[in-house]
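Taking it in order: structure first as structure tokens, then the write-up.
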Amino acid sequence: MGSMIDVKGLSKAYGNNLILDNMNITIGKHETVAFLGPSGCGKTTFLRCLSDIDRDYRGIINRKYKKAGFVFQEDRLIPWNTLERNLDFVSEDQDKIREALDTVGLLKHRHLHPTQLSGGMRQRANLARALLVEPEVIYFDEPFQSLDLKSKISLMDEIKDIYSKKQFTAVLVTHGIREALVFADRIVIMSREPARLIKEIDITKMRSQLQFFSPETARYEKKILSFYE
Amino acid sequence: MRSILKYLFPMKDSTQNKPMKKTITAHPPNWILGVCFLFGGWWILSTIISEPLILPSPLLVAERILSLTVEGSLLPALFMTFFKALEGLGIALMIGTPVGLLMGISRKAEEWLRPTTMVIRSMPVVSWLSSVIVIWGVGWRAPLFIIVTTLLPLIIYNVAQGVKSIDMKLIEMARVYRISRKKVFTRIYLGSIVPFLLSSIRVSLGTMWKVAIVAEFMAGDSGLGIQISWAKFYLETPKVFAFTAVAVISGLLLEYLFDSIISLLYKKGIGIWAQ
């Protein structure tokens, strides 16, 4: 498995306030990596630097992909456009739009406006927009945060299902330990501000046992919590 | 555009439209009482004063409206004022929208243009009139100019405010997906200013009517304003009141018509305004 993103000595500060401190990591092709850390530790800042939204940082990030999608924390759909029009904003290929909407189960809702959809449906539309660009990498910024438990589990299953078919590289930042355990192959734990990468856990071998409500997940959750200072 | 309108004038949830049980009331609606109070007060006052040259009675004014309509001087004057006011609004929208967009998008442009728009907004109508009469004399140009200069700052500020209220997260999303500037402008910027543009038109409808009549009164050669001016000159107070009443009713009707169209679109539409 070749690398998709190489991060070397990444640091980021707002004025004198150091947010990210000398972070080094390699993310492999088709890998699913979840970055965990306490609220406000700089996870989103890290993801913004990683995804090239924020270019004001020190260090080197080598991105070996051409197309990337981004699933934002908030849906960021244009409220006065229907779902179809929202996707049409990113790509005008109508077949691709239908395919992306079909993939996330929203094809029959394509004529609805974002405000007519539930939070879960809006996040699925957010995901459909990311899929539309045929990404090699998808960045997920706390995509489950505003969802209720049922929608959260449903969206997670959907992403995993799409991942098994499309095989993109997935980078998730979240403070939900269970979400990370169910979603990723590798968990990276970040310290409190200034954020450093303090621990990596490979859970590929445990994958089948780590369901949302399984005892194994609860055990790992406890273990990961112990790494938080 | 259709999509924006649907968003702006959303359809109400059908469950919310269930008719409520009507309660039997012996009282007329409050607005009818308000109208009765207005006309009653006017009638009492005119009876006390008992001098039509100072305050004609509502009945006398109604009679004068009827006679002016029959002799054919009311409707052409009404049409001329209406035409000028709408023309002024159209020109103000055509100039104000791009200028407002520019001021909303670029801080530098805002700093450059703000003093001029502030001066235009603060300038009294009579000061403009004294200049435009010298340039164009009495006619249709001066009232039109006054209408445009009055509505222009209103539209500019509203549009600029609309641009400033754009959700920057949408702009960032567009940047992430490398969307062209043209598409961002037409799909996000223009979409965001529509509510502000509509609210400025709503306010302009009330303002343009009054300004048009004042400008016609002082520098016009046709319309309700000049009719009021002539009636005042010949001390025909009932006629002044008749033209004024028509102007007020027309202004209110225009606003009512606009609100009804918005309301109709609201009922047929869908989107966040349904909440």
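Being among the β-branched types (Val, Ile, Thr) and exposed (fewer than 14 other Cβ atoms within 10 Å of the Cβ) holds for only one residue in A:ILE60, A:ILE5, and it is A:ILE60.
Among B:LEU78, B:LEU86, B:LEU60, which is the only one that is at pLDDT 90 or above, under 16 Å from B:ILE249 (Cα atoms) and not hydroxyl-bearing (Ser, Thr, Tyr)?
Sole residue among the options that is at pLDDT 90 or above, under 16 Å from B:ILE249 (Cα atoms) and not hydroxyl-bearing (Ser, Thr, Tyr): B:LEU78.
If only residues of region A:152-182 that are closer than 21 Å to A:PRO135 by Cα and not in a helix (DSSP H, G or I) are counted, the one that is nearest to the chain's Cα centre (by Cα) is A:LEU172. Tell me, yes or no, whether region A:26-41 has at least one residue that is over 17 Å from A:ALA125 (Cβ atoms), touching a Gly at 6+ places or on another chain (Cβ under 9 Å), more than 14 Å from chain B (Cβ to nearest Cβ) and surrounded by fewer than 17 Cβ atoms within 10 Å (Cβ to Cβ). Checked region A:26-41: at least one residue is over 17 Å from A:ALA125 (Cβ atoms), touching a Gly at 6+ places or on another chain (Cβ under 9 Å), more than 14 Å from chain B (Cβ to nearest Cβ) and surrounded by fewer than 17 Cβ atoms within 10 Å (Cβ to Cβ). Annotation: of all residues in region A:183-206 being part of a loop (DSSP other than H, G, I, E, B) and aliphatic (A, V, I, L, M), the one that is surrounded by the fewest Cβ atoms within 10 Å (Cβ to Cβ) is A:ILE203. For region A:77-87, indicate whether the set of residues that are under 26 Å from A:VAL33 (Cβ atoms), within 12 Å of chain B (Cβ to nearest Cβ) and of a type in the set (S, T, N, Q) is non-empty. Checked against the condition, which is being under 26 Å from A:VAL33 (Cβ atoms), within 12 Å of chain B (Cβ to nearest Cβ) and of a type in the set (S, T, N, Q), region A:77-87 yields no hits at all. Here B:LYS108 clears all of (1) of a type outside the set (Ser, Thr, Tyr); (2) surrounded by fewer than 14 Cβ atoms within 10 Å (Cβ to Cβ); (3) assigned to a helix (DSSP H, G or I); (4) within 14 Å of chain A (Cβ to nearest Cβ) except the condition numbered (4).
Applying the condition of being of a type in the set (A, V, I, L, M, F, W, C) and more than 17 Å from B:ILE179 (Cβ to Cβ) to region A:88-121 and asking which residue is nearest to the other protein chains (Cβ to nearest Cβ) yields A:LEU112.
Among the residues of this structure, B:GLU51 counts as one that is assigned to a loop (DSSP other than H, G, I, E, B) and either without any contact (Cβ under 8 Å) to a residue 60 or more places away in the chain or within 23 Å of B:GLY206 (Cα to Cα) (or both).
Filtering region B:135-162 to residues that are at pLDDT 90 or above and of a type in the set (Val, Ile, Thr) leaves B:ILE146, B:ILE147, B:VAL148, B:THR149, B:THR150, B:ILE155, B:ILE156, B:VAL159.
Selection of first residues in region B:132-144 that are part of a helix (DSSP H, G or I) and of second residues that are of a type in the set (Val, Ile, Thr), restricted to Cβ pairs under 8 Å at least 6 apart or on distinct chains, gives the following pairs, ordered by first then second residue: B:VAL132/B:ILE146; B:ARG141/B:VAL132; B:ALA142/B:VAL132; B:ALA142/B:ILE133; B:LEU144/B:ILE91.
Taking the criterion of being surrounded by fewer than 18 Cβ atoms within 10 Å (Cβ to Cβ), under 26 Å from A:THR45 (Cα atoms) and either touching a Lys or Arg at 6+ places or on another chain (Cβ under 6 Å) or not small (Gly, Ala, Ser) (or both), the residues of region A:103-148 that qualify are A:GLU134, A:GLN145, A:ASP148. Residues in region A:120-150 that are free of Cβ contacts under 8 Å to residues at least 40 places away in the same chain and of a type outside the set (Lys, Arg) were compared, and the one that is nearest to A:THR32 (Cα to Cα) is A:PHE144.
Taken together, the criteria place B:THR237 among residues that are touching a Leu at 6+ places or on another chain (Cβ under 7 Å), hydroxyl-bearing (Ser, Thr, Tyr), at pLDDT 90 or above and surrounded by 15 or more Cβ atoms within 10 Å (Cβ to Cβ). Taking B:LEU38, is it modelled with pLDDT under 85 and either in a helix (DSSP H, G or I) or in contact with a Leu (Cβ under 7 Å, 6 or more places away or on another chain) (or both)? Answer is no for this residue.
Within region A:151-174, being touching a residue at least 40 places away in the same chain (Cβ under 8 Å) and over 26 Å from A:TYR65 (Cβ atoms) holds for one residue alone: A:ILE153.
The values are calculated or read from the model by the stated rules, or taken from the named source; none is laboratory data. These numbers were taken from a predicted model, which means no experiment stands behind them. Virtual Cβ from ideal backbone geometry, glycine too; neighbours counted across all protein chains shown.
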